[in-house]
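J.: I have a structure I would like to understand better, so I am pasting it below and will then ask my questions one at a time.
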Amino acid sequence: MTPNESHPIHEQLKEIFRQALHTSSPKERKRLRRKGLHLMMQAPKKCFWRGYAPLFDNDLLYLEASDKAWEYIEHKINGRIRGKGTAQEKAYDPDKGDASPLTLWNRRCKGIYKDLRQQEKESIHPNPKDPRTGEALDINAVEAEPESVPRLERVREELETDPTGVLKTTWVRKTPPPPITAQQVLLKLYDFASCGEKWTLSKLAKAFDMPAGSMNSIWERKLKPLLEEMGDRLRRQL
């Protein structure tokens, strides 16, 4: 979908970040940048590049590209990018030829999305396999295969103590608040599974008030690999 580049929000965003760049008050600069990011997040969907047909923004690769594009914009606005100079000197400046933040987001998202699609095409092993059987792993059915995972109490202990520290420091969502960690989501999944309740990614998304598409993307990129690593580690301990 082609984004609307003529919407007045483009100029509104430029003006907000222009004020942020020129204010002498660090506190006011921070407030204005937060205001600009919030306004950008609330922009009409027609202002965003939304992927390719037929899935458009329901494509998991698009969701991953979208997340990375937001990270880039936050870094760009605050000057946390590579290059010489201070953060203030490298921060987004609409008067130095920079397009609006929305346009930058669209360009970044589209570029990342194309790269991800290419990587997927070139992937030799697109689906993880069980090294013991050579068969594709089905993480969505893990609770139905107790012989392939450690006992539930060991899983719960591992999730709660997080001995490697990775679950508490892997973000499922930072903004908008409240922030959500991988540990919280996997503990919720455990609660569903341990009670014999059928769990789905849609149910997890609803539990944390997240879009289902975002949870799907996070699952593929972060939660599923973490769960597989934890399972392998616990199996070696048994």
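J.: Please give every one of the lysines within straight-line cross-link reach of residue 198, meaning a C-alpha to C-alpha distance under 20 Å, and leave out same-chain neighbours fewer than 8 residues apart.
T.: 188, 206, 224
J.: Using a 10 Å cut-off on Cβ atoms, rank the peptides 101-109, 75-83, 179-187 from the highest mean neighbour count down. Numbers along the way, then the final one.
T.: Details: 101-109: 20.6, 75-83: 14.7, 179-187: 18.6.
For the peptides 101-109, 75-83, 179-187, the packing ranking is 101-109, 179-187, 75-83.
J.: Another question, if that's okay. Given the pairs 14/222; 35/90; 110/203; 45/90; 168/222; 114/174, which span a C-alpha to C-alpha distance of over 22 angstrom in this model? Walk me through the numbers on the way to the answer.
T.: Values: 14/222 34 Å; 35/90 20 Å; 110/203 29 Å; 45/90 28 Å; 168/222 12 Å; 114/174 25 Å.
In this structure, 14/222; 110/203; 45/90; 114/174 exceed 22 Å between Cα atoms.
J.: Here is a further query. Heavy-atom accessible area per residue, the range 1-126, 1.4 Å probe: how many Å²? Before the final figure, lay out each step's value.
T.: Numbers: 7680 Å² over 126 residues.
That works out to 61 Å² per residue.
The values are calculated or read from the model by the stated rules, or taken from the named source; none is laboratory data. No experiment lies behind these values; they were computed from the predicted model shown. Neighbour counts run over all protein chains shown; Cβ positions are idealised from the backbone, glycine included. Note: accessible area is taken over every heavy atom of the protein model, side chains too, but ligands, DNA and RNA are not part of it. Shrake-Rupley method; radii C 1.70, N 1.55, O 1.52, S 1.80 Å.
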